[in-house]
Amino acid sequence: MTRAYNFSAGPATLPEAVLRQAQAEMLDWNGVGASIVELSHRGAEFMAVAAQAEADLRALMSIPDDYAVLFMQGGATTQQALLALNFAAPGQRADYVVTGHWSKTAIKQARPYVDVHVVADGEAGGFRDIPPRAQWALSPGAAYVHITANETIHGVEYRGAPDVGGAPLFADFSSSIASEPIDVSKYGLIYAGAQKNLGPVGISVVIVRRELLERAGQPRADIFTYASHAARDSMLNTPPTWNWYLLGLTVRWMLEQGGVEEFARRNAAKAALVYQAIDASGGFYRNEVAPAVRSRMNIPFFLPDEALTARFVAESREAGLLALKGHKAVGGLRASLYNAMPLEGVQALVDFMADFQRRHG
Ligand SMILES: *Cc1c(COP(=O)(O)O)cnc(C)c1O
């Protein structure tokens, strides 16, 4: 068996060690005579798995005690609607910074529930930069300010949390969570679907300052209420136990590898390799994002024409480099370099890029 290097944007590559452990434990978890996925979520075994995953994620991200950590279904997109329902009063305004595709999705999901105010929009510039903070027209009395920490499709990423004054900062960290140290206390709410950097699809993580859970929000069912999920340790209904377990193994692996400081180093080195390969190609490969906000996680890049792009996708797949085709919204190519992508994979990619240019440039 050979495992290829998988550059998929999500669901994405997982650490081989995690897959091997899951495989070894598949039929009999910890000697109980059943798979973890066959056990009750309220039994002692799964409760221990769930609690350990939360404790490990808290340790990995240095999450303060006054933040609740929720493990939920529905993906990041569902959180984009729920956060508006839970934290904005009917008719209240909320501020959104638009930096790419996922910012627009966040607005689309929230608009039925809040008066969306776009404080800055990078679309006119082709989403090649993040509009400077000094130009954001923040609203007094906004329920929250929403940003997309890393734009998975357009490849732009914030460097640190912007200061937004009094309103709590809400951030979609789906494609960059746990990729470097962040100061959680600068955010009111952080959410992420797990399938980019934390594990498998089917579970998302919400990290929310507890005092925000006291907000009334809008009329809604209990199952859509973050405070209810928090009060029941994310077991208001049957949680996605298999995904929670795999997320726990992935987080544990990240801790064992040296934590977010180590991944920040690795991710910076990996991204530098690819950007250098692009920038040194004399225009054969192009990435047009402003260098100061280039994503470390998702690198969109372009060849001179469609025929070469199709050829690159086919030949790279042959060479054991998977899923380098760009998102259909922007075309071209994209390399996603999440925590589980080893440096060797990125080295193989830049070697392939150089070889491809020699043959076709
Ligand atoms: C993938 C992604 C989403 C959507 O996640 P789902 O789990 O499919 O709902 C939202 N935001 C960002 C930044 C993403 O990368």
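Run the numbers on the chain and let me know its relative contact order in percent, using alpha-carbon pairs under 8 Å that are six or more apart. Provide the component values of the computation, followed by the final result.
Working: 674 pairs, mean separation 83.5, N = 361.
Computed over the chain, the figure is 23 percent.
In terms of its C-alpha gyration tensor, segment 127-233 comes out oblate, because a/c is 1.5 or above while a/b does not outweigh b/c.
Determine the equivalent ellipsoid of segment 197-309 by diagonalising the alpha-carbon gyration tensor, then write out the semi-axes as square roots of 5 times the eigenvalues, largest first, rounded to whole Å.
Details: eigenvalues 312, 72, 45 Å².
Working through the eigenvalues yields semi-axes of 39, 19, 15 Å.
The mean of 1/r over all distinct Cα pairs in segment 1-69, once inverted, gives the Kirkwood hydrodynamic radius of 14.6 Å. Placing pseudo-labels 7 Å out from each Cα toward the beta carbon at D279 and A4 gives an inter-label distance of 3.0 nm.
For segment 78-146, what does the alpha-carbon gyration tensor say about shape, rounded, prolate or oblate, given a ≥ b ≥ c as the root eigenvalues, a/c under 1.5 as rounded, and a/b over b/c as prolate? If you can, show how the numbers build up before the last one.
Values: a/c = 2.75, a/b = 1.48, b/c = 1.86.
Note, shape of segment 78-146 comes out oblate.
Maximal additional length on extending the K108-A55 stretch stands at 15.7 nm, based on 0.36 nm per residue less the C-alpha distance. Compared with the direct C-alpha span, the chain from S139 to M26 gains 35.5 nm at full extension, assuming 0.36 nm per residue.
Once the chain from D65 to A216 is taken as fully extended at 0.36 nm per residue, the excess over their C-alpha distance is 52.2 nm. Note on exposure: T78, T2, T13 ranked by accessible area (1.4 Å probe, complete protein assembly) read T2, T78, T13, with the most exposed listed first. Scattering from the chain was approximated by placing one identical point on each alpha carbon and applying the Debye formula without solvent; log10 I(q)/I(0) at 0.06, 0.10, 0.12, 0.15 1/Å stands at -0.23, -0.63, -0.90, -1.30. For segment 324-334, 3J(HN,Hα) computed residue by residue from phi via the Karplus equation (6.51, -1.76, 1.60; θ = phi - 60°) reads 8, 5, x, 5, 4, 5, 10, x, x, 10, 8 Hz, glycine and proline entered as x.
Length, then width, then depth: along the principal axes, the Cα atoms of segment 42-175 run 53, 33, 26 Å.
Here the 3J(HN,Hα) profile of segment 182-199, calculated from phi with Karplus coefficients 6.51, -1.76 and 1.60 at θ = phi - 60°, is 10, 8, 4, 5, 7, 10, x, 8, 10, 9, 7, x, 6, 6, 9, 10, 10, x Hz, Gly and Pro shown as x.
Rolling a 1.4 Å probe over the protein heavy atoms leaves K325 with an accessible area of roughly 140 Å².
Residues whose amide H comes within less than 5 Å of that of N298, counting only those at least five positions distant or on another chain, are L337 (H built at 1.01 Å from N in the peptide plane).
Between rounded, prolate and oblate, where does segment 259-360 land on the alpha carbon gyration tensor, with a ≥ b ≥ c its root eigenvalues, rounded for a/c under 1.5, else prolate if a/b exceeds b/c?
Details: a/c = 1.69, a/b = 1.44, b/c = 1.17.
Taking the square roots of the gyration eigenvalues as a ≥ b ≥ c, segment 259-360 is prolate.
Shown are D163, D95, D121, whose ranking by accessible area with a 1.4 Å probe and every protein chain present, most to least, is D163, D121, D95. Taking 7 Å steps out from each Cα toward its Cβ at D351 and T238 produces label points 4.7 nm apart.
Per residue, how many Å² of accessible area does the chain show with a 1.4 Å probe? Result: 42 Å² per residue.
Can you give me the % of accessible surface on the chain that is carbon or sulfur? Probe 1.4 Å, all protein chains present, nothing else counted.
Numbers: 7880 of 15050 Å².
After summing per-atom areas, the C and S share lands at 52 percent.
The simple spin-label model puts a point 7 Å past each Cα toward its Cβ; for A290 and H360 those points are separated by 3.1 nm. Sorting Y285, Y5 on solvent-accessible area from highest to lowest, probe radius 1.4 Å, gives Y5, Y285.
Measuring with a 1.4 angstrom probe and ignoring ligands and nucleic acids, M72 comes out at about 10 Å² accessible.
The values are calculated or read from the model by the stated rules, or taken from the named source; none is laboratory data. Being a predicted model, the structure only gives us computed values, none of them experimental. Note that we place each Cβ from the backbone using ideal geometry, even for glycine, and neighbour counts take in every protein chain shown. Note: areas computed on protein heavy atoms with side chains; ligands, DNA, RNA excluded. Shrake-Rupley method; radii C 1.70, N 1.55, O 1.52, S 1.80 Å.
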